[in-house]
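For reference, the structure is listed below as structure tokens.
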Amino acid sequence: MSRRRLLNAGLTLAVLVAIVGLYRLTPTQKDIQDPTAVKGIPGRVVHTPRFDLTVDDVRAGKKLRIPRSTPDRDSLTAFVVVDATVTANREPMHIFDVRIRSADGVTYLGANRSGLDQVDLTGTEFAPDIPVRGSFVIEMPADKVPGATLLVMEKSMLNDLEPQVTVPLGDDAPAVEDVVSLTAASDT
């Protein structure tokens, strides 16, 4: 084999390796459109440009008691209640996207039970600079809480590069009560 053919084969191989490498390093559409994670820890304020969030406590129960509503709600799994404080930073806003991602990668959405929109934080309009205490409710197995992460965003759609608060919920499972009671979201 001549030197020229050997050189051409080497250059062709180098170009192919470079193409494959660039292809793997190029961000995908999903990478470009994913929200921007803003990490926090329970008990401390997580700051984003649109809102601040503090996770105060995590509770779980077999039934959910909603104020001014009867009967208590039942679940096939459990109601995980995340008590939190939210403060809007710029303008009035709502939080529409609340999820918990368990350690095994399964994502559980916020509960959508009748009456919840009147008392939990997803049904609240946040005024700027006024902290509001309340709860997020997610239906999921209570034994999936250890190692899970709370994911909170303002919008559930068109959230390209929006901040997404991520707060790990700890390594301990909350004690499962028979009935977990909510209090209506209120200004602090």
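One line per residue, one yes/no per condition, for (1) closer than 23 Å to residue 51 by Cα; (2) touching an Asp or Glu at 6+ places or on another chain (Cβ under 7 Å); (3) open to solvent by 40 Å² or more (accessible area, probe 1.4 Å):
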site	(1), (2), (3)
114	no, no, yes
122	yes, no, yes
125	yes, no, yes
133	yes, no, yes
142	no, no, no
150	yes, no, no
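Count, please, the residues in region 119-134 that happen to be of a type in the set (Gly, Ala, Ser) and either assigned to a strand (DSSP E or B) or under 15 Å from residue 91 (Cβ atoms) (or both). Before the answer, list the steps.
Pass one, region 119-134, residues of a type in the set (Gly, Ala, Ser): 123, 127, 134.
Narrowing further to those that are either assigned to a strand (DSSP E or B) or under 15 Å from residue 91 (Cβ atoms) (or both): 127, 134.
Selection size over region 119-134: 2.
Which condition breaks for residue 170 when tested against (1) modelled with pLDDT under 90; (2) within 23 Å of residue 39 (Cα to Cα); (3) crowded, with 17+ Cβ neighbours inside 10 Å?
Of the numbered conditions (1) modelled with pLDDT under 90; (2) within 23 Å of residue 39 (Cα to Cα); (3) crowded, with 17+ Cβ neighbours inside 10 Å, the odd one out for residue 170 is (3).
Could you say which residue among 137, 86, 82 is in contact with an Asp or Glu (Cβ under 8 Å, 6 or more places away or on another chain), assigned to a strand (DSSP E or B), free of Cβ contacts under 8 Å to residues at least 60 places away in the same chain and under 21 Å from residue 42 (Cα atoms)? Before the answer, list the steps.
Numbers: 137 fails: free of Cβ contacts under 8 Å to residues at least 60 places away in the same chain; 82 fails: free of Cβ contacts under 8 Å to residues at least 60 places away in the same chain.
Matching residue, one of 137, 86, 82: 86.
The values are calculated or read from the model by the stated rules, or taken from the named source; none is laboratory data. Just so it is clear, the structure is predicted and the values come from calculations on it, not from any experiment. Counting neighbours? That spans all protein chains shown, and the Cβs are built from the backbone with ideal geometry, glycine included. When the accessible area is computed, the model is the full protein with side chains, heavy atoms only, and any ligands, DNA or RNA have been set aside. Shrake-Rupley method; radii C 1.70, N 1.55, O 1.52, S 1.80 Å.
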